[in-house]
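S.K.: Could you have a look at this structure, given as structure tokens, before my questions?
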Amino acid sequence: MKSRRYMPLLLALCVVIGIVIGTFFAKHFSSNRLNIINSGSNRLNNLLHIIDDQYVDTVNIDSLVEKAIPQILSDLDPHSVYISANDVQIATDDLKGSFSGVGIEFIIREDTIHVQGVIKNGPAERAGLLAGDKIVSVDGKPFTGKTVTNEEAQHRLKGPKDTKVKIGVLRYGNKKEQVFTVTRGEIPTRSVTATYMLDESTGYIRIKNFGENTYPELLIALAKLSQSGFTNLIIDLRDNTGGYLQSAVQIANEFLPSNKLIVYTQGRKSPRQEYRSDGRGSYQRIPLVVLINESSASASEIFAGAMQDNDRATIIGRRSFGKGLVQQQLGFPDGSMIRLTIARYYSPSGRCIQKPYSMGDTNGYEEDLLSRYEHGEFFSQDSIKHTGPAYHTNMGREVFGGGGITPDIFVPEDTLGMTSYYKRASMSGLILQFAFSYTDNNRQILNTFKEMKELSDYLVKQNTVEQFAAYADKHGLQRRNLMIQKSHTLLERYINSRIIYNIMDEDAWLQYLNLDDPVIKKTQEVFRNNMAFPKKPDATKSQKKGEKIAFGFPFVDKNISRRYNIIALC
């Protein structure tokens, strides 16, 4: 009876002791060891909570997460990326077809924004800005010095439609700052950057990327060429780094007969999805050549692969980049987003052209093009390393996966005219700097030329190579007369092309470069020999091994569009 009387008291005491012991262990061990049954995501949440709760100093958790997400994604594959809220607009503008801004093309030189060009009928032109103006202030605040970057300039000059921005400029010949109030508006961005007749029968179209408006832009370009009576077509995808899969599919559809497989995608959580032609394309029988190089990637490889595997066009150039991963954009509430790889895409023959990569090894992946160059692939077709199995086109021609699209006709680069002087001149940026200075100092007379050929002939007479050599000598590149003589053609081509670009536009720039482009010359030869439509293997004459075609511009940095990315649009 006595023991029963004290039983409730003993039970209460046990509970109290248990609580004390539990509290002791929780205080001493919970911060050192997370629950072993926690999932990975719970562990991350717990880690951030512990840091926020117990770390010795105050920590900005949002900033910590901002730095951690890119690292996590980079350990998946080279194309899964995080884009902060501040950078989303810049990252998506190129593919949208338009953006809201002031309508200028600019270049940063000596920590100052120089207006490279003014969009015709755009907000800046209407406000009175001119090519050659130097921007020194934005909204009353000085904007020169180390704070001037492409990103910062775009943040300050872009903005919602119909908002105003005050831009202070120094104009050539005037020492006093002039202030212009610009009302921002919609600025179109073109992905079809050149359309013209290469000769009496051959139309040329350059596609810079695959954006929202690329397909309608292409239709307009084709209609323009139709008025000139073109019977052959070149689509230039060199340095086209890709874009939207759907745009590539729409364009491929224009050139394929009904029910031809264009591409299919498949992933662990993404069932196979096929994209086929509907037979409504208006250019199913026109002789077609597609140009690619080592910087042609993603959607440009989808198009080239569809044309090659369906034996629809001849592919000319050098092996493409090798991006066969499909990304989906996923947004976060704060405006940031990730591009997450959800599938691989496969060409009609079944090949995935994604080049090999190791998880987390982004440096090795990014240096692949340099490795190709050093290995000799840009100079010899025999140096191409195929890492994937062989596949076959509809006609039975052998093609390869696992590392880009290998062209049907390989056009190598050559070292003819290449010297160490030219390498330093092109890689140091001195040619770009000289071209802009020359343009700025001679803009009045250069603006009188309306045709590319007339301007080109004028520049040859001005001996711009000699003027550059003197300029470069004053800026740290010692004069080397014998090397300058040997590289004269390369130097003149590079210098004059940039001056033409500065005064005219990308269309004129490409027309000038194409005048003596060996890839273009090879393409014209293909058309003359009626070889645009691929032949069956037994009827195909293979290109001679070791065939060399002189092509020395540019050097090492093979991605023209990236090298000139210092020119930006606002």
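The values are calculated or read from the model by the stated rules, or taken from the named source; none is laboratory data. Being a predicted model, the structure only gives us computed values, none of them experimental. Virtual Cβ from ideal backbone geometry, glycine too; neighbours counted across all protein chains shown. Quick note on the areas: whole protein, heavy atoms, side chains included, nothing else; ligands and nucleic acids left out. Shrake-Rupley method; radii C 1.70, N 1.55, O 1.52, S 1.80 Å.
S.K.: Could I get the Rg over Rh figure for the chain? Both from C-alpha atoms, Rh via Kirkwood, rounded to two places.
M.R.: A ratio of 1.09.
S.K.: Another question, then. Treating the beta-carbon of each Lys and Arg as +1 and of each Asp and Glu as -1, no other charges, what is the dipole magnitude of the chain about its Cα centre, to the nearest 20 debye?
M.R.: Roughly 880 debye, rounded to the nearest 20.
S.K.: The range 109-157: Rg/Rh from Cα coordinates, Kirkwood Rh?
M.R.: Checking Rg against Rh, the ratio lands at 0.96.
S.K.: So between Gln273 and Asp516, what do we pick up on full extension, going 0.36 nm a residue minus the alpha carbon distance?
M.R.: 83.2 nm
S.K.: Determine the gain in length on full extension of the stretch Asn46-Asp473; use 0.36 nm per residue of separation and subtract their C-alpha separation, reporting nm with one decimal.
M.R.: Additional length available on full extension: 147.7 nm.
S.K.: For the Cα atoms of the chain, what angle does the longest principal axis make with the long axis of helix 214-227, in degrees from 0 to 90, nearest 10?
M.R.: 10 degrees
S.K.: With θ taken as phi - 60° and the coefficients 6.51, -1.76 and 1.60, list the Karplus ³J(HN,Hα) couplings across the range 73-78 in order, rounded to whole Hz; mark glycine and proline as x.
M.R.: 5, 5, 7, 8, 7, x
S.K.: Long-range amide H contacts for Val263: which residues qualify at under 5 Å (H placed 1.01 Å from N, peptide plane, sequence gap of 5 or more or a different chain)?
M.R.: Tyr275
S.K.: For the chain, with every protein chain kept in place, what is the accessible area per residue (1.4 Å probe, Å²)?
M.R.: Each residue of the chain exposes 51 Å² on average to a 1.4 Å probe.
S.K.: To check my understanding: the extent here is largest minus smallest coordinate of the Cα atoms along each principal axis. What are those three numbers for the range 345-425, in Å, largest first?
M.R.: Projected onto the principal axes, the Cα atoms of the range 345-425 cover 47, 35, 17 Å.
S.K.: Can you list residues whose amide H is under 5 Å from Ala131's amide H, if they're 5+ apart or on another chain and H is modeled 1.01 Å from N?
M.R.: Distant-sequence amide H within range of Ala131: Val118.
S.K.: Here is a follow-up. Treating each Cα of the range 445-544 as an identical point scatterer and ignoring solvent, apply the Debye formula and state log10 I(q)/I(0) at q = 0.12, 0.13, 0.18, 0.19 Å⁻¹.
M.R.: Reported log10 I(q)/I(0), two decimals: -0.57, -0.64, -0.90, -0.95.
S.K.: Same structure again: Spelling out what I want: for every residue of the range 142-150, take phi, set θ = phi - 60°, compute 6.51 cos²θ - 1.76 cosθ + 1.60 (Karplus), and round to whole Hz; glycine and proline get x.
M.R.: Along the range 142-150, the couplings run x, 9, 9, x, 5, 6, 7, 9, 4 Hz.
S.K.: Could you calculate the contour length gain from Asn442 to Gln329, that is, 0.36 nm times the residue separation minus the distance between their Cα atoms, to one decimal place in nm?
M.R.: 36.1 nm
S.K.: Please work out the FRET efficiency for the pair Glu200 and Ala91, using the Cβ-Cβ distance as r and a Förster radius of 51 Å; give the result to the nearest 0.05.
M.R.: The formula returns an efficiency of 0.75 here.
S.K.: Still on this structure, please answer the following. For the range 83-123, what log10 I(q)/I(0) values come out of the Debye formula at q = 0.27, 0.32 1/Å, with one point per alpha carbon and no solvent?
M.R.: Reported log10 I(q)/I(0), two decimals: -0.98, -1.00.
S.K.: With labels modelled as points extended 7 Å from the Cα through the Cβ direction, what inter-label distance (nm, one decimal) is found for Asn529 paired with Glu451?
M.R.: Reported label-point gap for Asn529 and Glu451 is 3.3 nm.
S.K.: Bin by bin, in steps of 5 Å, what percent of the Cα pairs in the range 310-449 do you find, going until the bin that has the longest distance?
M.R.: For the range 310-449, the pair-distance distribution reads 2, 7, 11, 14, 13, 12, 11, 10, 10, 6, 3, 0.
S.K.: Rounded to two decimal places and with Rh computed the Kirkwood way over Cα pairs, what is Rg over Rh for the range 203-278?
M.R.: For the range 203-278, the value is 1.03.
S.K.: Near the amide H of His392, under 5 Å away, which other amide H atoms are found, from residues 5 or more places off or on another chain, if H is placed in the peptide plane?
M.R.: Long-range HN contacts for His392: Val399.
S.K.: Work out the FRET efficiency for Asp53 and His375 from their Cβ-Cβ distance, taking R0 = 56 Å, and round it to the nearest 0.05.
M.R.: Efficiency for this residue pair is about 0.60.
S.K.: Starting from the Kirkwood radius over alpha-carbon pairs of the range 307-390, derive D by Stokes-Einstein at 37 °C in a medium of 0.692 mPa s and give it in µm² s⁻¹.
M.R.: After rounding, the answer is 212 µm²/s.
S.K.: Considering only protein heavy atoms and a probe of 1.4 Å, how much of the accessible area of the chain is carbon and sulfur, as a whole percent?
M.R.: Of the solvent-accessible surface of the chain, carbon and sulfur hold 52 percent.
S.K.: Let me ask something additional. Specify the angular offset, from 0 to 90 degrees and rounded to the nearest 10, of the alpha carbon long axis of helix 464-474 from the longest principal axis of the alpha carbons in the chain.
M.R.: Between helix and principal axis, roughly 50 degrees.
S.K.: Near Lys260, which aspartates and glutamates are there with a Cα under 14 Å away, not counting those fewer than 8 places off in the same chain?
M.R.: Here the aspartates and glutamates satisfying the reach criterion relative to Lys260 are Glu274, Asp278, Asp309, Asp311.
S.K.: Sticking with this structure for a sec: Could you work out [θ]222 nm for the chain from helices alone, using -39500 (n - 2.57) per DSSP H run of at least four and dividing by all its residues? Round to the nearest 500 deg cm²/dmol.
M.R.: -11500 deg cm²/dmol
S.K.: Of the DSSP beta bridges with both residues in the chain, give the percent that are antiparallel, rounding to the nearest 5.
M.R.: The answer is about 75 percent antiparallel.
S.K.: OK, next. Taking the Cβ-Cβ separation of Ala223 and Leu482 as r and a Förster radius of 45 Å, what is the calculated FRET efficiency to the nearest 0.05?
M.R.: 0.30
S.K.: Calculate, axis by axis, the spread of Cα positions in the range 281-325 along the three principal axes, and write the results as whole Å, longest axis first.
M.R.: Reported extents, whole Å, longest axis first: 29, 21, 15.
S.K.: Along the Cα→Cβ direction, 7 angstrom out, place labels at Ser63 and Lys141. What is the inter-label distance in nm?
M.R.: A separation of 1.9 nm, rounded to one decimal place.
S.K.: So, one more: Given axes a ≥ b ≥ c from the Cα gyration tensor, I'd like to know whether the range 225-314 is rounded (a/c under 1.5), prolate (a/b larger than b/c) or oblate.
M.R.: Judged from the Cα gyration tensor, the range 225-314 comes out oblate (a/c at least 1.5, b/c at or above a/b).
S.K.: How far apart, in nanometres, would the label points at Gln462 and Ser84 be if each is projected 7 angstrom from Cα along the Cα-to-Cβ direction?
M.R.: For Gln462 paired with Ser84, the spin-label model returns 4.1 nm.
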